[in-house]
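Q: Have a look at this one.
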Amino acid sequence: RSKEKGGNSYHYYHPEMNKRSLHRLNLEIHLRKALERNEFVIYYQPIVDLRQGTVFGMEALVRWQHPEWGLVSPGEFIPLAEETGLIVPIGNWVLKEACIQTKAWQKKGYPSLVVSVNISAIQFHQIHFVQIVMNALEESGLSPDQLCLEITENVAMNNVPYIIETMQRIKALGVRISIDDFGTGYSSLSYLKRFRVNTLKIDQSFIRDLTCDEDNAAIVTALIAMSHRLKIKSLAEGVETKEQLDFLMSQGCDKIQGFVFSKPIPAADFELMIQKNKQLYLV
Ligand code: C2E
Ligand code: MG
Ligand code: MG
Ligand code: MG
């Protein structure tokens, strides 16, 4: 507990806060070692093309396989990784690993898949970010159009010339760009005119109550219509039910991602899935 008195603050011992900062410190120490110990794994969640009825690609979602704590979800360590800057080496590892895996599946004879990789703002602001993307493509041999970078509105909206130039250079490589969690950031929408992204990922908070919340239904309908008019693909995230899926199809949504089709799964399971669904592609 702390108390303000005439400009001086008195800090008292607070067991809860102490416990939390200890936990944080412990987490940070382990996080620093996790990369060299190879403790990160990538789960893949299929992205389904509603028009073709095929698996279009997948999103790479990092997990931390800690020897004692088990599987730690990104929500529990990405914020700290961003605060400490560790997101840069972690994110760069995810990028390269996801490209290598996607190329490996292609070499095995599966149809070409597009892999989506989340890029945190801090990563995007690295001076050599474009070079890092080029290296990942070169070292994996993956075709640029099989890679999609997911950035948030806060990155895309940034009016700093350097950021716009970085986005243009990425686009010039032939790499795709998606806006993740669309509708939840501070969007002025003007950035959509300035820079043509490939896909808008409609945030799952709008999808959740889609079939019982009229406001969410209106927002989703409008976002799909807007993206069509702008010739940008629409992708709905967090689709869990058949009802949501039906609604999205009726509105002409291009792609979906969600538990209704599959959760994020380990690479080996993803491969089994594309094996089983192989005939799907041949339609
Ligand atoms: P995101 O990029 O928006 O990823 C979608 C999240 O929604 C994933 O959570 C996914 O498991 C979850 N999800 C997918 N379908 C459904 C559904 O039908 N219902 C529900 N309730 N959830 C669904 P996850 O894997 O825990 O990742 C959380 C966030 O962590 C991601 O949100 C992303 O912002 C971040 N993240 C994950 N991997 C990376 C990474 O490699 N780099 C960076 N910078 N961030 C990452
Ligand atoms: Mg994402
Ligand atoms: Mg998202
Ligand atoms: Mg998110």
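Q: Within the range 24-68, take every residue that is part of a strand (DSSP E or B) and over 18 Å from PHE270 (Cβ atoms) and give me the one that is nearest to the chain's Cα centre (by Cα).
A: Restricting to residues being part of a strand (DSSP E or B) and over 18 Å from PHE270 (Cβ atoms), the top hit is TRP64.
Q: Within the range 64-107, count every residue that is within 20 Å of HIS30 (Cβ to Cβ), in contact (Cβ under 8 Å) with a residue 24 or more places away in the chain and of a type in the set (S, T, N, Q).
A: Matching residues across the range 64-107 total 3.
Q: Then there is this: Yes or no: MET157 in contact (Cβ under 8 Å) with a residue 12 or more places away in the chain and touching a Phe, Trp or Tyr at 6+ places or on another chain (Cβ under 9 Å)?
A: Yes, satisfied.
Q: While we're on this one: Out of all the residues in the range 160-211, which are among the hydroxyl-bearing types (Ser, Thr, Tyr), modelled with pLDDT under 85 and within 16 Å of ligand 4 (Cβ to nearest atom)?
A: Correct list: TYR186, SER187.
Q: Kindly provide the set of residues from the range 144-157 that are outside any helix (DSSP H, G or I) and in contact with a helix residue (DSSP H, G or I) (Cβ under 8 Å, 6 or more places away or on another chain), ordered by number.
A: LEU147, LEU149, ILE151, THR152, MET157
Q: State the number of residues belonging to the range 64-111 that are polar (S, T, N, Q) and within 16 Å of ligand 4 (Cβ to nearest atom).
A: Selection size over the range 64-111: 1.
Q: Name the residues in the range 104-124 that are among the aliphatic types (A, V, I, L, M) and buried (at least 16 other Cβ atoms within 10 Å of the Cβ), would you?
A: The answer is LEU113, VAL114, VAL115, VAL117, ILE119, ILE122.
Q: OK, next. Inside the range 171-182, can you point out the residues that are within 12 Å of ligand 1 (Cβ to nearest atom) and in contact (Cβ under 8 Å) with a residue 40 or more places away in the chain?
A: Result: SER178, ASP180, ASP181, PHE182.
Q: Tell me which residues, restricted to the range 109-133, are under 19 Å from the mean Cα position of the chain (by Cα) and part of a helix (DSSP H, G or I).
A: Result: ALA121, ILE122, GLN123, PHE124, PHE129, VAL130, ILE132, VAL133.
Q: Within the range 208-253, how many residues are within 16 Å of ligand 3 (Cβ to nearest atom), closer than 21 Å to TYR44 by Cα and in contact with a strand residue (DSSP E or B) (Cβ under 9 Å, 6 or more places away or on another chain)?
A: 7
Q: Report the residue count in the range 72-90 for those that are small (Gly, Ala, Ser), under 17 Å from HIS125 (Cα atoms) and part of a helix (DSSP H, G or I).
A: Counting residues in the range 72-90 that are small (Gly, Ala, Ser), under 17 Å from HIS125 (Cα atoms) and part of a helix (DSSP H, G or I) gives 1.
Q: Would you mind telling me which numbered condition in (1) surrounded by 13 or more Cβ atoms within 10 Å (Cβ to Cβ); (2) at pLDDT 95 or above ALA268 fails?
A: All conditions pass for ALA268, except number (1).
The values are calculated or read from the model by the stated rules, or taken from the named source; none is laboratory data. In this text the structure is predicted, and so the values were computed from the model without any measurement. When we count neighbours, we look across all protein chains shown, and the Cβ atoms used for this are built from the backbone with ideal geometry, even at glycine.
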